[in-house]
1. Going residue by residue through region 82-92, is there one that turns out to be more than 12 Å from Gly148 (Cα to Cα), aromatic (Phe, Trp, Tyr) and open to solvent by 20 Å² or more (accessible area, probe 1.4 Å)?
2. Is at least one residue of region 28-36 open to solvent by 10 Å² or more (accessible area, probe 1.4 Å), within 18 Å of the chain's Cα centre (by Cα), within 30 Å of Leu140 (Cβ to Cβ) and of a type in the set (Phe, Trp, Tyr)?
3. What number of residues in region 1-50 are more than 15 Å from Ala123 (Cβ to Cβ), aliphatic (A, V, I, L, M) and not in a helix (DSSP H, G or I)?
4. Checking the conditions here, which among Tyr215, Tyr198 is surrounded by fewer than 21 Cβ atoms within 10 Å (Cβ to Cβ) and either acidic (Asp, Glu) or closer than 24 Å to Ala141 by Cα (or both)?
5. If we keep just the residues of region 238-272 that are over 16 Å from Ser26 (Cα atoms), open to solvent by 40 Å² or more (accessible area, probe 1.4 Å) and among the small types (Gly, Ala, Ser), which is nearest to the chain's Cα centre (by Cα)?
6. Looking only at region 152-183, which residues are closer than 19 Å to Ser22 by Cα, among the hydroxyl-bearing types (Ser, Thr, Tyr) and open to solvent by 10 Å² or more (accessible area, probe 1.4 Å)?
7. So for region 52-65 (the condition being open to solvent by 30 Å² or more (accessible area, probe 1.4 Å) and touching a residue at least 60 places away in the same chain (Cβ under 8 Å)), does at least one residue qualify?
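The values are calculated or read from the model by the stated rules, or taken from the named source; none is laboratory data. Fair warning: this is a prediction, and the values are worked out from it, not measured in the lab. Here the Cβ positions follow ideal geometry from the backbone for every residue, glycine too, while neighbour counts run over all protein chains shown. Calculation scope for accessible area: heavy atoms of the full protein, side chains included, ligands and nucleic acids excluded. Shrake-Rupley method; radii C 1.70, N 1.55, O 1.52, S 1.80 Å.
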Amino acid sequence: MGTILDYLKEYGDYSFVEKPFSDVDSLVLCQFAYLKFDGLAPGPMEKCEPVSVQELAQHEDYDHLYADERYRKDNTALFQRICKSRRFGDMRVWNYVNQIEPDQETQFSAVVCGLSEGIVYVAFRGTDENIVGWKEDLNLAFSEPVPGQRLSVAYLEQAAQTIAGGFYVGGHSKGGNLAVYASMNCSVSVRERIVRIYDHDGPGFRPEVRQKGAYEEIQDRICKSVPRSSLVGMLLYAEGNYTVVESKTIGLAQHNPYTWLIRGDSFKIVEEIRPGRKFMDQALNEWILSLDQEQMHTFVDTFYRVVQASETDNLIDFTANWFKSIHRIGVALKEVDRDTADVILQIMRALFDIVSVHAKEQVKSRRGLQKEKFEEGISQLEQHFRKEK
């Protein structure tokens, strides 16, 4: 078993005729979309020919591709193996967009990838564990479209004009959400040309958002995959049609595509999401849907301020110890006005109550948390809320 890097090494010499385009190929391209093509690949308004990955490798600003230092080693290996492979080695990219608007809490990026055998893939970039990106993911819990979603529709319409025939659409994390949103809200003529839509651990949608778009028309073309301890991918996702992939790590770190395990030329599939994670996902979704727009806005904005004020800049560290995180929330709430603090505490108590119900069900069915651990957690949370109130 290995990762997408091992997949490229072992199966990179197969053409798409010999091995048809797969879920793993999609994840490779979604990770490829995280590379920084600014100044290297042509944008929508540039009348330039698509640039090949070989040309990118020879570009004087080639090193800019790896501007994200945290993933430099893996991203370098990914790009180099793509270039050396027969499968991806002649890939061309165009229509690159990277739009960052901090004031609107928007980070939107996408690129079109042209492969051999006429395969074209529209890849929407997602977010990583950085807090700014995750706030945009949380904003997806609102019923109105976030700026990135609106941009995704316009981008897909424009990108489709540069593509002849059918094409694939996909993304990882927020990119998966954008891929689905754009596909169900684009024009009928564009939607009919979409072969398949890949959603790799991307957040879902509130029911009213799905109803406003043509979700039912594309549902059978969506291929959703999530890691075994998925949080992001199960946010506002109630449907049961998804593939669960084993990961070489644990917890929120599984969101990283480089941790997803490949067996042969396919994902290593497991039967279901971990029971403890699944019941937390169900509780979180029930809680989100119980909040009105104003409550959700208040919670997300305040939660963002809380994490910013903490000693970490990413949610993996912030959620590593749940009770410590709860304590930090309580401390940070002292810095906000009384009315806002009261609302947040009410919202947190609602989440606590829902989690309690789900946890009790898990204990009754002898799945999930052990009873002793459950009782200890309930006790600590109750003590915290009594103290804060």
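1. Taking region 82-92 and keeping what is more than 12 Å from Gly148 (Cα to Cα), we get 82-92.
From the residues that got through so far, the ones that are aromatic (Phe, Trp, Tyr) too are 88.
Next, from what is left, pick out any that are open to solvent by 20 Å² or more (accessible area, probe 1.4 Å): none.
No, there is no match, as no residue in region 82-92 is more than 12 Å from Gly148 (Cα to Cα), aromatic (Phe, Trp, Tyr) and open to solvent by 20 Å² or more (accessible area, probe 1.4 Å).
2. There is at least one residue in region 28-36 that is open to solvent by 10 Å² or more (accessible area, probe 1.4 Å), within 18 Å of the chain's Cα centre (by Cα), within 30 Å of Leu140 (Cβ to Cβ) and of a type in the set (Phe, Trp, Tyr).
3. 4
4. Numbers: Tyr198 fails: surrounded by fewer than 21 Cβ atoms within 10 Å (Cβ to Cβ).
Only one candidate qualifies: Tyr215.
5. Ala238
6. Tyr168
7. First, the residues of region 52-65 that are open to solvent by 30 Å² or more (accessible area, probe 1.4 Å): 54-55, 57-64.
Among the residues that remain, those that are also touching a residue at least 60 places away in the same chain (Cβ under 8 Å) are: none.
Among the residues of region 52-65, not one is open to solvent by 30 Å² or more (accessible area, probe 1.4 Å) and touching a residue at least 60 places away in the same chain (Cβ under 8 Å), which makes the answer no.
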